[in-house]
1. Could you run through the range 92-109 and say how many residues are free of Cβ contacts under 8 Å to residues at least 24 places away in the same chain and more than 18 Å from residue 51 (Cα to Cα)?
2. Give the residues of the range 50-68 that are open to solvent by 10 Å² or more (accessible area, probe 1.4 Å) and either closer than 13 Å to residue 3 by Cβ or in contact with a Cys (Cβ under 7 Å, 6 or more places away or on another chain) (or both), sorted by residue number.
3. How many residues, within the range 13-45, are modelled with pLDDT of 65 or more, under 17 Å from the mean Cα position of the chain (by Cα) and over 16 Å from residue 74 (Cβ atoms)?
4. Quick one: how many residues across the range 72-93 are out of contact with any Gly (no Cβ under 7 Å at 6 or more places or on another chain) and open to solvent by less than 30 Å² (accessible area, probe 1.4 Å)?
5. Within the range 54-71, work out how many residues are touching a Phe, Trp or Tyr at 6+ places or on another chain (Cβ under 8 Å), outside any strand (DSSP E or B) and either among the aliphatic types (A, V, I, L, M) or on the phi > 0 side of the Ramachandran plot (or both).
6. Quick one: is residue 129 within 21 Å of residue 10 (Cα to Cα), open to solvent by less than 40 Å² (accessible area, probe 1.4 Å) and either at pLDDT 95 or above or not β-branched (Val, Ile, Thr) (or both)?
Amino acid sequence: KLASGPAMWGIGEGSADEQTLFKWSGAGWAKRSMLMDGGAEDAMGATSIWPSPGGHVFVAKGKTVLRSTNDGATWTAMPFQSSMYRVWGRSNTDVYAGGPDGLHHYDGKAWSAVDFGMSVLALAGDAKGVYVLTVKR
């Protein structure tokens, strides 16, 4: 799993509790290790990563979105009631996360549900819109 922005990041192999992240340095991959302990009820590994233009990194992992403000040295867990499979945004204060129960938005302070009641398979966007791939049921 790869994502690029001002920096390129990748999610490597590992158990759900500990996965390795890699950051491209321009000459090679720098290894970043992070502990992602969501407990037994949240044994899913990281499924999506997004580096913001402001230098924050967001990772979707089960019922949690993790955020690092210091290049992956430490992480803050932001829990959800359901799984988040994808994460994408425009800035540190304009981030979207989605999963089987819909879409959520982060304004830099808190997450809120977006009026979008379908499962989110992929997220992307530009300055004007957010694009969501879903399955029609």
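1. Initially, the range 92-109 is screened for residues free of Cβ contacts under 8 Å to residues at least 24 places away in the same chain, giving 93-94, 100-102, 105, 107-109.
From what's left, more than 18 Å from residue 51 (Cα to Cα): 100-102.
Going through the range 92-109 one residue at a time, the tally reaches 3.
2. 50, 53, 56 - these are the residues of the range 50-68 that are open to solvent by 10 Å² or more (accessible area, probe 1.4 Å) and either closer than 13 Å to residue 3 by Cβ or in contact with a Cys (Cβ under 7 Å, 6 or more places away or on another chain) (or both).
3. Selection size over the range 13-45: 4.
4. 5
5. Total satisfying the criteria: 0.
6. Details: within 21 Å of residue 10 (Cα to Cα): no; open to solvent by less than 40 Å² (accessible area, probe 1.4 Å): yes; either at pLDDT 95 or above or not β-branched (Val, Ile, Thr) (or both): yes.
When the stated conditions are applied, residue 129 does not pass them.
The values are calculated or read from the model by the stated rules, or taken from the named source; none is laboratory data. From a predicted model like this one, the values you see are computed outputs, not experimental measurements. As a convention, Cβ positions derive from the backbone with ideal geometry for all residues, glycine included, and neighbour counts pool all protein chains shown. Each accessible area value is taken on the protein alone, full model and side chains, heavy atoms only, with ligands, DNA and RNA left out. Shrake-Rupley method; radii C 1.70, N 1.55, O 1.52, S 1.80 Å.
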